[in-house]
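Bear in mind that the values in this text are calculations on the coordinates, not laboratory data. Keep in mind that this is a model prediction, so the values were computed, not measured. Cβ placement follows ideal geometry from the backbone for every residue including glycine, while neighbour counts extend to all protein chains displayed.
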Amino acid sequence: MKHSGSNKLRIHIEMNEYRIEMTVRDSGKGFDTSQIEDWLLTSAHFGIVGMKERLESVGGDLQISSTIGRGTMLKATIPIA
C-alpha cells in the first residue's frame with residue numbers, strides 16, 4: 001500500500017499438509033514487471049529482494065505480477081517441514 005497508491009488490499013491464505021500459500025493483491029497503480037529482474041540483480045528494492053531471498057532460503061518461492069493501472073499481485077509459497 002505504501003507504493004501502490006491503493007486504499008484496498010486483499011489477502012488470501014491457503015494451507016495444506018505440504019505448504020502455505022499467501023496471495024496479496026492491490027488495486028493500485030501497478031508497475032512494469034520487467035524491472036523485477038534488475039531489482040534482484042542490483043538490490044535496488046530491498047523489500048522485494050529480501051522477501052524473495054528469505055522465501056528461497058527455506059525452499060519457498062515468490063511470484064510477482066503487475067499491470068500498470070490495474071494493480072499488483074504477490075504470491076508467496078512456503079513449504080511446511
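A few notes on this one:
- Annotation: the residues E53, E14, sorted from fewest to most other C-beta atoms within 10 Å of their own C-beta, follow the order E14, E53.
- Within a straight-line Cα-Cα reach of under 19 Å, K8 can be paired with the following lysines, leaving aside sequence neighbours fewer than 8 residues apart in one chain: K29, K75.
- Pairwise label distance in nanometres, M22 with V58, each label 7 Å out on the Cα-Cβ vector: 0.9 nm
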